[in-house]
There are 4 protein chains.
Amino acid sequence: MINFLNDYSEGCHPRILEALSRTNLDATVGYGLDEHCQAAADLVREQIQCPQAQVHFMVGGTPANVTAISAFLRPHEAPVAAVTGHINTHETGAVEATGHKILTCAAPEGKLTPALVEEVISGYTDEHVVRPRLVYVSQSTELGTVYSKAELTALSRFCRSHGLYLYLDGARLACGLAASDLTLSDLPQLCDAFYIGGTKSGALLGEALVIVNPALQPDFRHYIKRHCGMLAKGRLLGIQFEELLRDDLYLELGRHANALAQKLQAGLTALGIPMLVQSPTNQIFPVVPNGWLQPLEALCRYEVWGKADEHHTVVRFVCSWASREEDVERFLELLKGMNG
Amino acid sequence: MINFLNDYSEGCHPRILEALSRTNLDATVGYGLDEHCQAAADLVREQIQCPQAQVHFMVGGTPANVTAISAFLRPHEAPVAAVTGHINTHETGAVEATGHKILTCAAPEGKLTPALVEEVISGYTDEHVVRPRLVYVSQSTELGTVYSKAELTALSRFCRSHGLYLYLDGARLACGLAASDLTLSDLPQLCDAFYIGGTKSGALLGEALVIVNPALQPDFRHYIKRHCGMLAKGRLLGIQFEELLRDDLYLELGRHANALAQKLQAGLTALGIPMLVQSPTNQIFPVVPNGWLQPLEALCRYEVWGKADEHHTVVRFVCSWASREEDVERFLELLKGMNG
Amino acid sequence: MINFLNDYSEGCHPRILEALSRTNLDATVGYGLDEHCQAAADLVREQIQCPQAQVHFMVGGTPANVTAISAFLRPHEAPVAAVTGHINTHETGAVEATGHKILTCAAPEGKLTPALVEEVISGYTDEHVVRPRLVYVSQSTELGTVYSKAELTALSRFCRSHGLYLYLDGARLACGLAASDLTLSDLPQLCDAFYIGGTKSGALLGEALVIVNPALQPDFRHYIKRHCGMLAKGRLLGIQFEELLRDDLYLELGRHANALAQKLQAGLTALGIPMLVQSPTNQIFPVVPNGWLQPLEALCRYEVWGKADEHHTVVRFVCSWASREEDVERFLELLKGMNG
Amino acid sequence: MINFLNDYSEGCHPRILEALSRTNLDATVGYGLDEHCQAAADLVREQIQCPQAQVHFMVGGTPANVTAISAFLRPHEAPVAAVTGHINTHETGAVEATGHKILTCAAPEGKLTPALVEEVISGYTDEHVVRPRLVYVSQSTELGTVYSKAELTALSRFCRSHGLYLYLDGARLACGLAASDLTLSDLPQLCDAFYIGGTKSGALLGEALVIVNPALQPDFRHYIKRHCGMLAKGRLLGIQFEELLRDDLYLELGRHANALAQKLQAGLTALGIPMLVQSPTNQIFPVVPNGWLQPLEALCRYEVWGKADEHHTVVRFVCSWASREEDVERFLELLKGMNG
């Protein structure tokens, strides 16, 4: 069965498995203080060109978001996110579980702008309401779209002039960077913190959280432990990021996933299927007639995203580091047959 | 350098690495709903002889403890633990972070008894104090000691007659079972919930949380996600437990670690070194003259546990699935030399 | 200065002050277990015609809402509220501070309907999202509007058939009942819990929280204490509710406030001033030209509610038990002069 | 019945009731921003001789403690308290409910010393444990004892040199100051924050929280609201403290309560009854034969504090601003009769 379900269906990139095997019986200290985590953190600092950044390896995206946001904010402070933002939709209230209200706004294509954030925060000025303090964005977004360097720069400037931290969720950063004019080294210039996602880019698990703003760095390891996110065998995360960050593998995997998804999107568009948004990354959102849903299930694994109108449904197709070009081609052929 | 530092210094048992390689490119559904997690959960249910138990694979011991305790208790209810209990000492307040006070008592050798628990709970009867509702024990304990079947049965009866849940932290369950007359199938008879620890018994990470009491089962996956503990590639945990639970590997690794630690303990005792407690498992706690600490550092990695008196220090030596008999023997030889 | 700022500007109804004086030197037990609290709770149960209801006297509306909602829900469960609902707007994230996400929907005139709630809850079905479990409504609403008996009954039926608790915030219940066909004795038929507001109806402070659903009653006093809401001199609340609930004083005060606000609304309408909503209660929301704001400040105290359009502003005028008819009349006369 | 049950059995000092009556129909702004709260805060600042202190009027002692501690600490930081400290015993886990573990130590007579605190904090140095950050003391303590100026100064110095805040719970500060060489103006020199208790010193409810350390002042009103502690009619608290702080009334009430309790303690001692501790304040702790408990109940209201040994029980007798000398004398006479 062709798999467009998500970008975390398989294990990990083979190079990671090799590295785990190679190092398996070495004894190291625990809790992420080992030499692999240190080497991987150094690689991160080098590639983002920010020697003073703190790097912490987290077990997943939700723990990265929740640990960071709750560590950065005082209890009455709030993050601002798009309604579609992952922290607002698919984390089972994990941010609120740490006591923080999330302020949201409808955001076209899942992207925040200074104007949108300004409108959200304008009403929050006294002690009867929470205080907006952090802006949460994703690159790529939950709708596959990306911020350009100009867009993220504008948002960053707005945040700095309004006393807001800018936090970037990089669950799909490999794809997000590969499809935009932003580079790894732009991020510490623009964000107070961000993470480089591993789980959806070829790792078994793990994200590299980068804290750029020195005011947000103290005691962060306490927060990781308190939020149940510190692995005894932290090396498992360091070893993986050592591999991902060597020889451009990370971005390479993003480019691969994007290329296949774009080929798929082009093919579907050629078949007359509209998209919910024009996504330049590895997630695409075709709007298909309801009658297609069942036949599609015979062809591939995919996710129903939502209702478009009475007769149409938005679906999500995702390509990953593990997707194969021949599968995309075969799927498009099968679809043509079905359509014809 | 001989390593007695802990039981999580190396990667994982080779069979686990083989299984990860074998399955690496299979596409499965995410979030622990895949066939490996299901098979591993079935293995757990089979070996504990409790078909109706829920099994959840957690990323570590702290997440298992915290997610379980906070899911099982209403906000004003409290766990009772030995002062030395892991939730009270080395989890950076993670249980309290979910809003629950921990009630503690001094417990000889780290073990709770009905009498000790009764004394703790006796003062908690009105609305000005929290309500004791769960008893937390570890097998083996943080001091390497174990509950016998009779002891755990007595505690279980006390809990049931006093409206208390009994929760068992099995971070070192392989060693705990290998050194006691308790078996896996005794646990669901006696406990409302417990976990079978993987991280300290040969897994890269992961613990199998077993919820026996049906009243505690509903919506547990919500709690895992809300507490940031749900892996997108949940299969990583399932695959490991499939291996650990096949062919008696799990208990085998416990027996191996215990045997080497016991050999070490016997050797040290023969050299006239007293122990803080008589531990039958893989952690031992020699009380050494302060002057030994530095020379010891040249021989092996170990942990300073605490001060015994002005002139003596308690240290901890740990053996694991990865420890080698020749290292224990060599260490004892070196020590004899040093001592002589 | 004529005061339309709010309904909590003065101290308390004189009868309350007399009762406090009369009982001042009586010694009673503390923490709300005294005879006044018991008598007041009996009066509540009698007037709502629900002998098995629990009644707890709370220090304010936010503590009532927060203590109730966080006691009623398990950690992953969520209340559903109108965007304008008090818990979502003016409680500084106090519900989220207890770990619960609030799900909201835009609600015309601040009122929820079965259709609105159904749309909110429809997407919350798996463990990646919170579980909707309680519907929060206010009577009167934050916009002065009221639920009719038919409307609240429809909502109640919907809640029961969908496993949702119905909770009614009665901060302004005196006014809400006085302006609708609902009576105190209807509420326990329709709601799982609600509160009878004192602070905004002539008390110094205090609200009578009524828990109807027996499943929500256990240990509620623990929650009050844990949420810092238990007064040592709890009698202060009981004595006040004894007075409010005798001789129909409570509803009388609501009728008085409504009547004056309605006279004001009619007068303003006659002057050609539109209203944001047609409120039948003690809060009205005129939409005035921006140029009026400054002159109005010379005539009365009021609150700016928000921007209507570029040239108009919504203001809020509130009448209370302490408002005087002559002030309303004088204000309207002054306004006519200003307008003329 | 003679009342030694507690110091919050009656309403309030008559002067407070007069002030409430006098001001009852004045309209003021809400939420503690009125002129009475401002005047009372000015009185506090004047009497403590600390013009830059922030003063917030809280509804009770638990809300004062919990709001302050949780506002002052970052999530992984912990207060240190005596085992007998109120936050550790009789607040239903309200501090833990905000996510903070409390670190405790056994403290003779309920009083902390630098040596005791040093021993507690010595083990808390890495990210696997919480970070001690605030020392909580009470004046008078839960056992009626008091800190001398020298003792509190030593503790204050220790705290400052170890990066710990010093917080003083003044639920019974009137009695605590009246029985020690400490004065109101010493407190801001020594503490980062403290509260002047009203509830147990003649107010209906309310405590004046004083925040001296400027680093702890920002946004505190947000915390009050978020913790459900902001009264709409905040004037109720200001008016009461205006009275208590005028003409030395506050300390006068403390002296009165102490004098009667000391007379009682002397009388009991003369009858051969030992005390649990020598308390110089308004709470005393006689150790009586178990056989006395029932006869005592016929003579007065009191509280059983705990078991002394198999044959003796510790009871607590409390005098207050409302206690009368003739009652103490009569009680001692009755007791002599019983004893004789």
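Given N residues in region C:82-226, what is its alpha carbon radius of gyration divided by 2.2 N^0.38 Å?
1.02
Quick one: which residues, 5 or more positions from C:GLY306 or on another chain, have an amide H under 5 Å from its amide H? H modelled 1.01 Å from N in the peptide plane, none for Pro or chain starts.
C:VAL314
For A:GLY93, enumerate residues with amide H under 5 Å from its amide H, sequence gap 5+ or separate chain, H modeled in the peptide plane.
Long-range HN contacts for A:GLY93: C:VAL130.
Work out the length of the dipole vector of the protein assembly as shown about its Cα centre, built from +1 on the beta-carbon of each Lys and Arg and -1 on the beta-carbon of each Asp and Glu, and round it to the nearest 20 debye.
Roughly 0 debye for the protein assembly as shown.
Please compute the alpha carbon radius of gyration of chain B, then divide it by the globular-protein estimate 2.2 N^0.38 Å. Two decimals is fine.
For chain B, the normalised Cα radius of gyration comes out at 1.01.
Nearest-5 percent of antiparallel DSSP beta bridges in region A:156-303? All intermediate terms of the calculation are to be shown ahead of the outcome.
Working: 6 of 8 bridges.
In region A:156-303, DSSP labels about 75 percent of beta bridges as antiparallel.
So what does D:THR269 come to for accessible area, using a 1.4 Å probe and Å² rounded to 10?
About 70 Å², ignoring ligands and nucleic acids.
Could you pull the accessible area for D:THR84 with a 1.4 Å probe, rounded to 10 Å²?
Roll a 1.4 Å probe over it and D:THR84 shows about 50 Å².
DSSP loop GluC sites (Glu not before Pro) in region B:286-340 with at most 14 other Cβ atoms within 10 Å of their Cβ, which ones?
B:GLU310
If I take the rotation axis that carries chain D onto chain C, which residue of chain D has the nearest beta-carbon, and at how many angstrom?
Nearest Cβ to the rotation axis, residue and whole-Å distance: D:VAL59, 3.
If the only charges are +1 at each Lys and Arg Cβ and -1 at each Asp and Glu Cβ, what is the size of the charge dipole of chain B around the Cα centre, to the nearest 20 debye?
That gives a dipole near 340 debye.
I need to check one value: relative contact order of chain C, counting alpha carbon pairs closer than 8 Å and at least 6 residues apart, in percent.
Working: 662 pairs, mean separation 83.3, N = 340.
Relative contact order, chain C: 25 percent.
Considering just Cα atoms, how many Å³ per residue does the convex hull of region C:186-302 enclose? Display every interim value, and only then the final one.
Working: hull volume 20.5 nm³, N = 117.
Normalising the Cα hull of region C:186-302 by residue number yields 175 Å³.
Around B:ALA78, which amide H atoms from residues at least 5 apart in sequence, or from another chain, sit under 5 Å from its own amide H, with H modelled in the peptide plane?
B:ARG131, B:ARG133, B:LEU134
Within 10 Å of each Cβ of B:286-295, how many other protein chain Cβ atoms are there on average?
Average per residue, whole number: 0.
Which of B:ALA259, B:PRO286, B:PHE241 sits farthest toward the positive end of the charge dipole of region B:234-286, with +1 on the Cβ of Lys and Arg and -1 on the Cβ of Asp and Glu?
B:PRO286
Assume the label is 7 Å from Cα along Cα to beta carbon: what separations in nm does B:GLU329 have to the matching positions in the other copies?
Copy-to-copy label distances at B:GLU329, shortest first: 6.1, 9.2, 11.0 nm.
Under DSSP H, which helices of chain B have Cα atoms covering 15 Å or more of the helix axis and a Kyte-Doolittle average no less than -0.5?
What comes out of the filter, once short or polar helices are dropped, is B:35-48, B:61-72, B:149-161, B:249-270.
Distance from the Cα centre of region D:281-299 to that of region B:47-84, in angstrom?
Comparing the Cα centres of region D:281-299 and region B:47-84, I get a distance of 44 Å.
Hey, got the average number of other protein chain Cβ atoms within 10 angstrom for residues in D:12-18? Don't skip to the answer; put the middle values down first.
Numbers: counts 5, 1, 3, 0, 2, 4, 1.
Mean number of neighbouring Cβ atoms from other chains: 2.
May I ask you to list the lysines whose Cα is less than 30 Å away from that of D:LYS307, ignoring any residue fewer than eight positions away on the same chain?
B:LYS101, B:LYS111, C:LYS225, C:LYS233, D:LYS101, D:LYS111, D:LYS200, D:LYS263, D:LYS336
Please find the FRET efficiency linking A:VAL304 to D:LYS336, where r is the Cβ-Cβ separation and R0 is fixed at 60 Å, and quote it to the nearest 0.05.
Numbers: r = 86 Å, r/R0 = 1.43.
Calculated transfer efficiency: 0.10.
Can you give me the relative contact order of region D:131-176 as a percent, contacts being Cα pairs under 8 Å and 6 or more apart?
Over region D:131-176, the number comes to 58 percent.
Between copies, how close do the A:PRO51 label points come, placed 7 Å along Cα→Cβ, listed in nm from shortest?
4.8, 6.6, 8.1
Taking the inverse of the average 1/r across all pairs of different Cα atoms in region A:244-316, what Kirkwood radius in Å do you get?
Values: mean 1/r = 0.0750 Å⁻¹.
Computed over Cα pairs of region A:244-316, the Kirkwood hydrodynamic radius comes out at 13.3 Å.
Can you give the log10 of the normalised intensity I(q)/I(0) at q = 0.04 Å⁻¹, computed with Debye over equal Cα scatterers of the protein assembly as shown?
Computed log10 I(q)/I(0) values: -0.26.
Enter the buried accessible area of the A/B pair, total of both sides, probe 1.4 Å, in Å² rounded to the nearest 100.
When A and B are taken together, about 3800 Å² of accessible area is lost.
Say a label goes 7 Å from Cα toward Cβ at C:LEU271 in every copy; what distances in nm does this one have to the rest, shortest first?
6.6, 7.2, 9.5
Calculate the spin-label point distance for C:TYR124 paired with A:GLU325, positioning each point 7 Å from the Cα along the beta-carbon direction, and give it in nanometres.
Once both label points are built, they end up 4.7 nm from each other.
Please list, in order along region C:91-102, the HN-Hα scalar couplings obtained from phi with the Karplus expression 6.51 cos²θ - 1.76 cosθ + 1.60 (θ = phi - 60°), rounded to whole Hz, x for Gly and Pro.
With the stated coefficients, region C:91-102 comes to 10, 6, x, 5, 5, 4, 4, 8, x, 10, 6, 9 Hz.
Using Cα centres only, tell me the gap between region B:194-229 and region A:121-163 in whole Å.
Going from one Cα centre to the other spans 36 Å.
Select from C:GLY234, C:GLY60, C:GLY306 the residue whose mean-square fluctuation is largest in a Gaussian network model of chain C (Cα-Cα springs shorter than 10 Å).
The residue with the greatest mean-square fluctuation here is C:GLY306.
Which value in deg cm²/dmol, rounded to the nearest 500, describes the helix-derived mean residue ellipticity at 222 nm for chain B, given -39,500 (n - 2.57) per DSSP H run of n ≥ 4 and division by the residue count? It would help to have the intermediate numbers written out before the result.
Details: 14 runs with 136 residues, N = 340.
-11500 deg cm²/dmol, from helical runs alone.
Return the aspartates and glutamates within reach of D:LYS149: Cα separation strictly under 17 angstrom, same-chain partners fewer than 8 residues apart disregarded; answer none if there are no such residues.
D:GLU109, D:ASP169, D:ASP181, D:ASP186, D:ASP192
Have a look at the DSSP beta bridges in chain B and tell me what percent are antiparallel, nearest 5.
Antiparallel bridges: around 55 percent, rounded to the nearest 5.
Give the average, rounded to an integer, of partner chain Cβ atoms located within 10 angstrom of each Cβ in D:84-93.
Per-residue shielding by partner chains comes out at 5.
Keeping all protein chains in position, work out how much accessible area C:ARG316 exposes to a 1.4 Å probe, and write it in Å² to the nearest 10.
10 Å²
Strictly greater than 18 Å: what percent of every Cα pair in region D:113-160 meets that? The partial results should precede the final answer.
Details: 413 of 1128 pairs.
For region D:113-160, the share of Cα pairs beyond 18 Å comes to 37 percent.
The values are calculated or read from the model by the stated rules, or taken from the named source; none is laboratory data. No experiment lies behind these values; they were computed from the predicted model shown. Backbone-built Cβ (ideal geometry, glycine too); neighbour counts: all protein chains shown. Only protein heavy atoms, including side chains, enter the accessible area calculation; ligands, DNA and RNA are left aside. Shrake-Rupley method; radii C 1.70, N 1.55, O 1.52, S 1.80 Å.
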